[in-house]
Structure formats: structure tokens, C-alpha cells
Amino acid sequence: SVGLSENIPVRELDSGLPEAGDVLVVDPGSGWSAVKSYEENSNQILGVVSNQPISNTEFRPLALTGTARIKVSLENGDINKGDLLTTASKSGYAMRATDNYAGIIGIALEDYFNTQISTSTATSTATSTVETIEEEKQILILLSVRNHIQVNWDEVTVSVIDNPNLGDEVEVVDYEFI
């Protein structure tokens, strides 16, 4: 169950308004609103839409902590229970995180595996193709939003994790001298 959620203003991009299970990121075109995620490995993750709004189309319930159902893609391969998830290139979807600097939306609590359906295509050369059909799927995740942000101070680069569970604290996780 969702531990903490908040109604947040949303805006429509090319992919439409956010709906239940969509990953939300900071809206690049406005001050304080959200849009469906639109790029892979985003570091501007806000959370996931916990359920459909009752009537208001300008706000969505944004799950920040606890568990939630989220739309997933097999873009980075099968998802196993315990895998970290990040934003996929498909708008509003999450995928298995494989990039060390990707923002994290949460931890998969269910498996999601690839299924292939073979389809024969009749052509002049009589070849056949195998097409991967990805069923639209939502899995249960434990929300744990972490965005990796690079901050440069003079000669030191510091990577910080933005985690709402830390309250007002900021955790320094890595640094290197340039």
C-alpha cells in the first residue's frame, strides 16, 4: 500500500496525461508540475501515479513511499524480484536499471519475463520473422526514489542521492578530484 502520496499538478506532453502506474518526472517546461517520464535513465524522477483521479484532470495522486503498481518495459531485459528500476524510453514506463548513474524509482517486488510470439510473414523471398510482443504489464514495487545529481564545487565533484526518506539530510556518496 502507498505510504505517502500527494496530489501534484500535471501537464500533458506528446504522450498524453499521466494515468495510474505511470512514472512521473519533473516537467521541463514549467515551475512545479510533473509529466510522464520521457527518457531512459532520468535523474528527475518524482514518483508514480498511485491511482486514477476521480474528476480533476490537472492533478494526479503521486505515490512517494510504500508500494505501488508501476508500468514496466523489457527494454533492459527481464525484471526479477529485487531489481532496481529506472525510467524507460517508453513514456511513463520503468525498466530494469543497468546504468550506474540512472535515477531509481524503486525495487521490483515481482518478476516480469519476456514472452515471444512467432509470426510468419509471407514475402516474395518467403522469409519469416520472429516478433517480440510485449504485453502491457504493471508490477508491484517498493518505492525508493533516488536521483543522482552531479554538483561541482571548485575542484571537487560530489555525487549526491536525492532521497525523500532522508528528510532534510543530504547524503554524500562519492567524490573525486578533477
Checklist entry - So how much slack lies between F59 and I149, counting 0.36 nm per residue of separation and subtracting their Cα-Cα distance, in nm? => result 29.7 nm
Item to check | Bins of 10 Å from zero: percent of alpha-carbon pairs in the range 26-109 | outcome: 18, 50, 27, 5
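No lab work stands behind these numbers, since they all come straight from the coordinates. This is a predicted model, so every value here is computed, not measured.
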